[in-house]
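What follows draws every value from the coordinates through simple rules; no lab data is involved. The structure presented is a predicted model; accordingly, all values stated were derived computationally and were not measured. Here Cβ is always computed from backbone atoms with ideal geometry, including for glycine, and neighbour counts include all displayed protein chains.
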Ligand SMILES: Nc1ncnc2c1ncn2[C@@H]1O[C@H](COP(=O)(O)OP(=O)(O)OP(=O)(O)O)[C@@H](O)[C@H]1O
Ligand SMILES: [Mg+2]
C-alpha cells in the first residue's frame, strides 16, 4: 500500500474516542483524534485527512455544522456521522448534505469496517481511473503537438511506433516546422519519459565549447576549466539527447559522437576515465545533409548511425489543414498569457491566414497570432491587426486571378495589374523605377494604382 488511509475521529467523550481510535490504528489506519469540532478543523487544515468519523452532539458545534465546514475546506473528504438511536431526522439531513454514511451508536465495529472498506475501494477506483486517463492523454494527445492534417497524423503514428525503441531518429524539415516539439513528443511517449530530455544546439557553440558541453570536462582541462563539469551525454543518461542543428556539428566532434553511438562510452575533455551512457538520440536538421556529405563536411558513417529512422516534417504550406487548429491553439495560449477575455479572428482575417504561405512555418504562424492579438482591441481581431506581409499577400493573390468566365475587360484589367505589380515588386516598390521598366509615365502608373485603390 502506497499511503495509509488517514481517519480523523471527532468525539468529545474521551473513552469512546480512545477506544475507537485504538481499534482503527490496530487494523492499519493512520488515526488523528479531536475532542471538539474546532480542533477537528485545525487538524484538517494542517494534515491530509481522507475520512472523518464524527459524533453528532458536541459542545461547540453539531456534527452537521462540522460537515458543512469540512466540505468547504476539502470536498473530497468522506464524512461518517455517529447518531444516537432514534434520531433518524439528523441522519437524513446529513445524508442530503452529501455525507458518505451514518452509523448508530453504540458503534458496531464490523459495521464500521464495512463502510470504511467501501470508501477505500472507491478511492482506489478513482485513482485508477485518473491513471488510465493520464495514459490515454499521453497516447493520443502528444504533448502540445497539433497534428490535424493527414500528413501530420501519419507522422504522429510513425513517431508513436518508434518511440519505444532506442533507434536513432533524424527529424528533417524547414525552420520552424516543429522539429523540436516532435522530438519532445517522442521522448514523452517513450518509456524514458520520466528521465531527462536534454537538448544541445550544435550550431550555437564553437568546436571546443561544444565538445565540453556535450561530453563534459575535468578540472584544469583548459584555461578557465576551474572545476569539473558534466556533459549533456551524462546528464541525459537513461533519457533522450536531442541534437539540434546536427548538420552544423564540427567534424572533430562528429568523430567523438560516432564513438558514443557505436560503443556507448566516452571520456570527458581532459579526462581518462571512460564513462558509460545510455541515451536515446534524436537529431534534427534543416540542412541538406547529403550535400554536406558530398562536400566532405559531414561523415557518412555518422549520418547512417543517426538516421536509422527519418521523419520529414512537411512545411506548413503543404498541410494547410493544420492552420485552423493551430490558430485555435495559439490563440488560446496567448489569450491565457495576456489575461484577455474571449477574442476571435474575423472571417476576413482567417481567410488571409489560410492563404498565406508561411516561409517561417508554424513558428511564423505563432508569431502572427501573438502579434495580432497584442495589436487588436476588443473581441475581434481584424485584417488590420495582421502583419503587413500577410495583408499584402491577399492583394497579390486575389487581384490576379485569371478566369475564363470573367469578362474580357476584367481579364485585361487583371493582366494589367499583374504587369504593374510584378514591376513594382522588382523595383522594390519604387514607382518611378517601375514606370520606367514598363515604359509608361509615372503619372500613368499612379493613375492606375489609384483607380484600383492600391496606392501604396
Ligand atoms: N504541430 C505543432 N503544434 C503546436 N505547436 C507547434 C507545432 N509545430 C511547431 N509548433 C510551435 O512552433 C514553434 C517552432 O517549433 P520548433 O522549435 O519545434 O521548430 P523547429 O523545426 O525546431 O525550428 P528550427 O529549425 O528553427 O529550430 C514552437 O513554438 C512550437 O511550439
Ligand atoms: Mg529547432
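Could you list 363, 280 so that the one with the fewest beta carbons within 10 Å of its beta carbon is first and the one with the most is last?
363, 280
Per-residue extension of 0.36 nm, minus the Cα-Cα distance of residue 267 and residue 402, leaves a gain of 42.1 nm for this segment.
So if I take the alpha carbon set of the stretch 272-389, get Rg, then get Rh from the Kirkwood formula, what is the Rg over Rh ratio?
Reported Rg/Rh, Kirkwood definition of Rh: 1.18.
Sorting the segments 375-386, 241-252, 54-65 by their residues' average number of neighbouring beta-carbon atoms within 10 angstrom, most packed first, yields 241-252, 54-65, 375-386.
Of all beta bridges DSSP finds with both residues in the stretch 150-314, what is the antiparallel percent, to the nearest 5? Restricted to the stretch 150-314, the bridges split so that about 20 percent are antiparallel. Taking every DSSP beta bridge that has both ends in the chain, the antiparallel portion is near 15%.
The distance from the alpha carbon centre of the stretch 1-75 to that of the stretch 152-180 is 53 Å, rounded to a whole number.
Relative to the current alpha-carbon distance between residue 416 and residue 193, full extension at 0.36 nm per residue lengthens the span by 74.4 nm. Placing pseudo-labels 7 Å out from each Cα toward the beta carbon at residue 355 and residue 208 gives an inter-label distance of 5.5 nm. Each distinct pair of alpha carbons in the stretch 150-314 adds a 1/r term; the inverse of their mean, the Kirkwood radius, is 16.2 Å. Site pair residue 105 and residue 158 shows an inter-label distance of 7.2 nm when each label is modelled 7 Å from Cα along Cα→Cβ. Taking the number of Cβ atoms within 10 Å of each Cβ as an exposure proxy, the fewest-first ranking of 184, 355, 219 is 219, 355, 184.
Taking each residue as 0.36 nm, the span from residue 444 to residue 60 lengthens on full extension beyond its C-alpha to C-alpha distance by 128.8 nm.
The reciprocal of the average 1/r between distinct C-alpha atoms defines the Kirkwood hydrodynamic radius, which for the chain equals 29.0 Å.
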